[in-house]
Amino acid sequence: MSFLSMLKCVARYPCKWLQANDLPKEVYQHLARYVPKIYCLGPNLNPQSEDLLAQLLLQAPLEWYLCGEEPSTGLAKLEQNNQPSQLCGHVFKVGEPTYSCRECAADPTCVLCMQCFLGSVHKEHRYRMTTSGGGGFCDCGDTEAWKKGPYCQKHEPNISDSLQEDPLANLSADMIARTYNIFSIILKYAVDMLTWDKEDELPQGLEPPERGDTYYCMLFNDEVHTYEQVIYTLQKAVNCTQKEAVSFATTVDRDGRKSVRFGDFQFCEQAKSVIVRNTSRQTKPLRVQVMHSSVVAHQCFALKALAWLGHIIRYSDALRRILCQVGLQKGPEGENSSLVDTLMLCDSKMWKGARNVYHQLFMSSLLMDLKYKKLFAIQFAKNYERLQSDYVKDDHDREFSITDLSVQMFTVPSLARMLITEENLMTTIIRTFVDHLRHRDLQGRFQFERYTAQQAFKFRRVQSLIGDLKYVLISCPTEWTDKLREKFLEGLDGFLELLKCMQGMDPVVRQVGQHIEMEPEWEAAFTLQMKLTHIISMMQEWCASDERVLIEAYKKCLTALTHCHSGFTDGEQPITLSMCGHSVDTIRYCVSQEKVSIHLPVSRLLAGLHVLLSKTEVAYRFPEQLPLSELSPPMLIEHPLRCLVLCAQVHAGMWRRNGFSLVNQIYYYHNVKCRVEMFDKDLMMLQAGASMMDPNHFLMIVLSRFELFHIFSSADCRKRYNRENANKDVVQQNSTLIEEMLHLIMMVVGERFASGIGQVENSDELKREIVHQLCIRPMAHSELVKALPENENKETGMERVIDSVASFKKPGVTGRGLYELRPECAKQFNLYFYHYSRADQSKAEEAQRKLKRQNGEDSALPPPALPPFCPLFASLVNILQCDVLLGMLGAVLQWAVEPSGGHWSESMLQRVLHLIGMALLEEQQQLESSCEDNEVTFNFTLKISRPGEAPSNTPSVLALLETLQNAPHLEVHKDIIRWILKMVVNIKTMRERTAAAPSPEGSGHCQEETVRDKDKAERKRKAEMARLRREKIMAQMSEMQRHFINENKELFQQSLEELDASTSTSQDHSPSSWDSALVCVGPRRWRAGGGERRQVVTCILCQEEQEIRSDGRAMVLAAFVQRSTVMSKNRRRPPHNPESYDPLFMHPDLSFGTHTGSCGHIMHSHCWQRYFEAVQAKEQRRQQRLRVHTSYDVENGEFLCPLCECLSNTVIPLLPLAKTSCSEQPGLSQWLNTTSQQIKTLGKKSDVFLCFCRNPYSSSIKEMLTTFGTATYKVGLKVHPNEQDPRVPIMCWGSCAYTIQSIERLLVDEEKPLFGSLPCRQDDCLSSLARFGSACWTVSCLSTVQTHFIRLLAALVPNPQVENSPCLLDVDMFHLLVSLVLSYSAVHCLDSSGLSVDAAQLHFFHLVTVAHLVQILLTSVPVELTMDQESGGVEREEEEGVCLFYNILKTHLGSSLPEMSSGWHLWRCVKASILPYLRGAALFFHHLNGVPTPPELHALGAGEWEALCTYLCLPSNLLHQFLSLLSFRWCSHPGMRQCLQSPETLIR
């Protein structure tokens, strides 16, 4: 049948359909006849032709029938009569910009398209701009999505819209009936075909009149196999080219399926079997189906039909509503049998393209009609559990799943509340989530440690349910119904069951004896915790919004916690603790011996609810409804206290052998992402428990858990701690634990800025966070945001309060604006702010002390004034004046008075002084705010003034403070001690005033002056007594000293002589003896003393300290060696053959080099080896489980630094500074003669004296020397490792030189000074490289290194015995200098002439420098020069000298050099060209010899040249010294003229 006749036949169908009795049958017959004739007629599809034919033969009849007339006319009428929806509904494409108003959006998921945003009020507000991942639509017009401004100008409703009637009223009954008929048929057809699972049959009524024998081999997408696997398999299966296979794979990934073969059944089945066989070896095979062409054709048109429906309903809201009715109408099977239900429940069985099409249809129909959006949400909630289970089993990303539409419904507050009350959605989500996590331990807690790869995959997918729960809870209700309360509390029960499964999960036990063998799994538990953080916060917000809900939630949570505690019995034996006249019954529990878990969500939820009882005043208004009397405070604080003790013990180094998994857990416990619902809530729980306990009992339990009770509980604790525990590690651990415990007490008493604990507003807590961040340093907006916790709307609230505490400094040189703390806010600084890390605390302390010194104030950092506690927590202040704390404070002060014991720390004393300051401020505030009728019971000053009772009669705290005020070893603390004593005097004065009887104004003034005079006189008397006491002590010490000298005259005389000798020696070697100039090379260079040479470092893996010694255990730096062309001046140079290439002489074009970098982190060599072996083993296991490639190649020796995760591939051994002797400096001629003699006798000596050349390094250092040398050789030459290759030491010297050159250029580009601006990691790397280079000969063949040295020296001092020496212009002089200096040790070790290495270094440097000058004069001088300029003095002599030198070179080379008359330009060209070389030499000798750098080189300036020449010991007559000696030999080299004629020769 021709195309024209087909069109004529089709034109009759609409009329025929209007009269048909069985319309579905007629339409199906039409589709059965024409769909196979349009689609899937061959292997190469023609979408344009298919779409045109489908429009004419299939869609046009449907539109004719729908409109009852010409479609263009009918659809235009529909559009004209339509009242457009107020909802925008624009569906976002991938990468399209979206906008969310941070002020008006109900939640972060509410977004606008660009057109609506530009036409709305929100463009003037604070907004967030993101790019869409595809899916989702514009929320313009949704009044529940916006707090204000819900409409843009385009969608602003008219007055008539408020009286909008049913859209179906605008359609005729005929039109409605036809629409309903055709929509029902087409939607059912599309659903049937997209969910059809038979490959060779069609649904009834769609069988084609003529069935062909053509099939498609259809390949489906999955997220398991990689592109490479699919491409390789297709090439083998269907015999296609790689380009065709790539095209197939791309289409499969984009659309979800693709036909890869067309033909008869056997032909397609053959391809299927090959694909299945090749992809089923390690994982499940690719999904392949052999489908009849008619089935594929109908599925293709089914997608077009759904797209057509989405297009048609845009013309009229009435059509959209009819389609919604059709889709949601129940089928004959009853419940969950509508077409929409069928599509949702078969979602995971469909391919990606089909899912996308019907998801788009749902969004443009069901989700755009508020009435049917509600009905769809109900069906979605009914099917929720099944949909989520299908999604978890599926492997497609969530964006291609129907479950991704949950955000469109659950974030609508009215819908969410309706689903909670009517469909119990909250409980359904939580139950579904818990059901999927069935891997539990014996106590019913989640167990992630032994997860298989399949379980880990499932866990990642099931986390999406937490997102759905967040959507449901994101908008807190303002009005509650009884039904909502009932269902929310039912959901809370389920949530508590989830938290009970987390309470105590992943417990840890301290490793003793040996390091843990394998790092345990910890990420999964923390991932779950982080996902639930905002959920827990939102739960508390919901509870706080209704008093009845809060009370019931508190009861339920307490019951859950009691149930959890009944399951914890590890090591819990009852004991009685007694101290300072107080006793408490508790349990014996050692955190360092028993199991302890960092996951305590039930305890933390209860802590949050307890604070809400105070914040909402429910605890005061309804005490009879709360079980406060049933609470057991010791039970409440037990597990949070254990967790905090665990953190303290980790900081004390007691858990080193537990590896990095525990360190990472502690880090995240305090991290801003988790701390709100972890660390902060643990502290709140301690505050809640302590507020209901006797403070002495609380502190005794704290001491017991910190395992410090035995130290403070003994009667003579003030003396015993000085003598006991000779074990240094135990003493250090106990000192750190005491510091941590004192800090914890500070936090319990001092952290009052949470609303409900202290009498503060919510904004006060945020202000305090910002103040303490800015106390560290001024910060940019982004830095502050990262340091502040975000709420569920991803907001920190910073903008609301920042202006009150900080001023904005506009961008300057740094290119970014900074917030600076307002001066008046500095008084709020708390040195022991609970969110400071140790590094933050140190930086803040330094910054604040510096600020105080600049302002001319003393450097004391007293505690700030604190807000009063809320009544529920008011008793916490009594901790500061309880007997146990006073005993602890007195003990630490007594230890500080007697520093000889050495078992206390300044940090410990600093914390004690801070606590005393807090107590004094508390007393002062209470006195200032007290009424006449209300007596102040807090009397800290009285208690610290009392001495101890008999028989010990220990001095009072106040007396100890007065003693410490004059202690010479506590100079740094004197300011804070003076502040404390001043506070004591002020408080006593206030109490005296309060105690005095009221009097008239005049007499009161008189009395005040009398009190002041008495106080002044008393202070003066005490100061005089202290002065006399000091004088007496000093006189006694002087007398004892004289007596000792008289008795030991001979010994003392000898000591004086030694002292004089050492002083004179040090003067000889001090810079002042050389005109106060530092010199880094040569016999006169600066030398480190024994103490300065000593270097002690800490291993990042085992935390043990180790001195760098040549005979000690090897310490190594993580390093990364790589080939580099960043310095290349000739990128056209072809690569060398790595097998035959001789790298001894680097060409000046630096076409490629070997660069070494380091993160600066240090390890023991054996610790690193164990770590690397573990990484290798883990990688092998991971590949077997997951088959996912990491970002580093373990097989090639790569690994991540254990601390900073910086990419590394080797380690550099750390070596001590070499010890050198100082001897006379011979002249150049003498030195050259001696060196020549050494070279001549090397062959004989190498054999005879090789056995006497002892290797100074330990076996572990030698092993690491070999390791790094081999790695540099392997990477630099791209060859297999071979430690015996003679090129190994050459590559090491070259890497040292190239790394220094690249860093020198980087400093120039960044306009930074040569010294003082490099990070520590680069300094350490350069020092290690230079010292390694001078030691690598010890693990190489000695004769080989000596041969290298002879060849290197021959390039400078021509040697007739050395053949093929390079031309001077073919050698990079800095590489030559480094190689000569580092290889000379192999010659010097056999030398008996007495020449020093320092003298050799200096002569090498002078020789190479002159050679480089020759290079510059021969190649880098410009031909054309401008007019000369005058110079005077020394510069004039230098200009004349360089002109003379140039002319001598010209006499040797003749016309090869141009005429040069301008000495001024010539000298400046030489200076500019040689400066990089001199800077590199300064870096090299500084790091090799460890010589300090002069201050002139720490800043950019005009004096750099002079400073470099002085530092490098360059004489002013350098050119004349070598002029006649070597210039002729260099210029007479055969290759010299050839190089000069080459246009590419350029040296710098």
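The values are calculated or read from the model by the stated rules, or taken from the named source; none is laboratory data. Quick caveat, the model's predicted, so the values are computed rather than measured. We place every Cβ from the backbone using ideal geometry, glycine too, and count neighbours over all the protein chains shown. Protein only, heavy atoms only, side chains kept; ligands, DNA and RNA dropped before computing areas. Shrake-Rupley method; radii C 1.70, N 1.55, O 1.52, S 1.80 Å.
Numbers at a glance
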| read-out | value |
| --- | --- |
| Segment 324-350: number of residues that are closer than 29 Å to LYS258 by Cβ and open to solvent by 20 Å² or more (accessible area, probe 1.4 Å) | 6 |
| Criterion: open to solvent by 10 Å² or more (accessible area, probe 1.4 Å) and among the β-branched types (Val, Ile, Thr) - qualifying residue of VAL296, VAL290, VAL246 | VAL246 |
| Number of positions in segment 438-452 that are crowded, with 19+ Cβ neighbours inside 10 Å and over 28 Å from the mean Cα position of the chain (by Cα) | 1 |
| Boolean, ASP435 is among the acidic types (Asp, Glu), within 26 Å of ASN658 (Cβ to Cβ) and open to solvent by 10 Å² or more (accessible area, probe 1.4 Å) | no |
| Filter pass, MET1127 being in a loop (DSSP other than H, G, I, E, B), in contact with a strand residue (DSSP E or B) (Cβ under 7 Å, 6 or more places away or on another chain), closer than 16 Å to HIS1375 by Cβ and aliphatic (A, V, I, L, M) | yes |
| Positions within segment 19-28 being part of a helix (DSSP H, G or I) and open to solvent by less than 80 Å² (accessible area, probe 1.4 Å), in sequence order | LEU23, PRO24, GLU26, VAL27, TYR28 |
| Residues being touching a residue at least 12 places away in the same chain (Cβ under 8 Å) and more than 37 Å from the chain's Cα centre (by Cα) - total across segment 1495-1514 | 10 |
| Which listed residue, of LEU56, LEU31, LEU41, is surrounded by fewer than 20 Cβ atoms within 10 Å (Cβ to Cβ) and at pLDDT 80 or above | LEU56 |
| So THR478, is it part of a loop (DSSP other than H, G, I, E, B) and hydroxyl-bearing (Ser, Thr, Tyr) | yes |
| Among the candidates ALA553, ALA524, residue that is assigned to a helix (DSSP H, G or I) and more than 32 Å from the chain's Cα centre (by Cα) | ALA553 |
| Complete set of residues in segment 323-336 that are closer than 21 Å to LEU367 by Cβ and modelled with pLDDT under 90 | LYS330, ASN336 |
| Count - residues of segment 106-130 that are surrounded by 14 or more Cβ atoms within 10 Å (Cβ to Cβ), part of a loop (DSSP other than H, G, I, E, B) and either among the polar types (S, T, N, Q) or in contact (Cβ under 8 Å) with a residue 60 or more places away in the chain (or both) | 6 |
| Flag for GLY133 being among the small types (Gly, Ala, Ser) and in contact (Cβ under 8 Å) with a residue 60 or more places away in the chain | yes |
| PHE833 aromatic (Phe, Trp, Tyr), in contact (Cβ under 8 Å) with a residue 24 or more places away in the chain and closer than 30 Å to VAL618 by Cα | yes |
| Residue match in segment 406-419 (condition: within 16 Å of GLY135 (Cβ to Cβ), touching a Phe, Trp or Tyr at 6+ places or on another chain (Cβ under 9 Å) and surrounded by fewer than 22 Cβ atoms within 10 Å (Cβ to Cβ)) | yes |
| Criterion violated by GLN573 - all others in (1) open to solvent by 30 Å² or more (accessible area, probe 1.4 Å); (2) under 32 Å from the mean Cα position of the chain (by Cα); (3) within 25 Å of PHE709 (Cβ to Cβ) satisfied | (2) |
| Segment 453-473, subset over 26 Å from the mean Cα position of the chain (by Cα) and over 22 Å from LEU405 (Cβ atoms), residue surrounded by the fewest Cβ atoms within 10 Å (Cβ to Cβ) | GLN454 |
| Any chance ALA544 is touching a Ser or Thr at 6+ places or on another chain (Cβ under 9 Å), surrounded by 21 or more Cβ atoms within 10 Å (Cβ to Cβ) and under 23 Å from ARG675 (Cα atoms) | yes |
| Index of the failed condition, TYR358 passing every other in (1) more than 41 Å from the chain's Cα centre (by Cα); (2) in a helix (DSSP H, G or I) | (1) |
| Matching entry among ARG1305, ARG1351, ARG1331 (being in contact (Cβ under 8 Å) with a residue 24 or more places away in the chain, open to solvent by 10 Å² or more (accessible area, probe 1.4 Å), under 21 Å from VAL1126 (Cβ atoms) and assigned to a helix (DSSP H, G or I)) | ARG1305 |
| Qualifying residues in segment 963-994 (those that are within 15 Å of LEU913 (Cα to Cα) and of a type in the set (Lys, Arg)) - the one surrounded by the most Cβ atoms within 10 Å (Cβ to Cβ) | LYS974 |
| Selection from segment 1109-1145 of residues that are under 19 Å from CYS1539 (Cα atoms), open to solvent by 30 Å² or more (accessible area, probe 1.4 Å) and in contact (Cβ under 8 Å) with a residue 12 or more places away in the chain | LYS1129, ARG1131, ARG1133, PHE1145 |
| Some residue of segment 566-575 being touching a helix residue (DSSP H, G or I) at 6+ places or on another chain (Cβ under 8 Å) and closer than 27 Å to ILE666 by Cβ | yes |
| Helices (runs of 4 or more DSSP H) contained entirely in segment 703-764, each with at least 2 residues that are modelled with pLDDT under 90 and of a type in the set (Lys, Arg) | 717-723 |
| Every pair of residues 6+ apart whose Cβ atoms lie under 6 Å, when the first sits in segment 374-397 and is in contact (Cβ under 8 Å) with a residue 12 or more places away in the chain and open to solvent by 30 Å² or more (accessible area, probe 1.4 Å) while the second is of a type in the set (Val, Ile, Thr) and in a helix (DSSP H, G or I) | GLU385/THR432 |
| Single match in GLU69, GLU50 (criterion: charged (D, E, K, R), on the phi < 0 side of the Ramachandran plot and assigned to a helix (DSSP H, G or I)) | GLU50 |
| Conditions (1) in contact with a helix residue (DSSP H, G or I) (Cβ under 7 Å, 6 or more places away or on another chain); (2) part of a helix (DSSP H, G or I); (3) of a type in the set (Phe, Trp, Tyr); number of the one not met by TYR216 | (2) |
| Counted residues, segment 816-872 - those being assigned to a strand (DSSP E or B) and not hydrophobic (A, V, I, L, M, F, W, C) | 2 |
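Here is a yes/no grid of residues against (1) of a type in the set (Val, Ile, Thr); (2) under 20 Å from GLY353 (Cα atoms); (3) part of a strand (DSSP E or B); (4) in contact with a helix residue (DSSP H, G or I) (Cβ under 6 Å, 6 or more places away or on another chain):
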position: LEU206; (1), (2), (3), (4): no, no, no, yes
position: VAL252; (1), (2), (3), (4): yes, yes, no, no
position: VAL260; (1), (2), (3), (4): yes, yes, yes, yes
position: PHE267; (1), (2), (3), (4): no, no, no, no
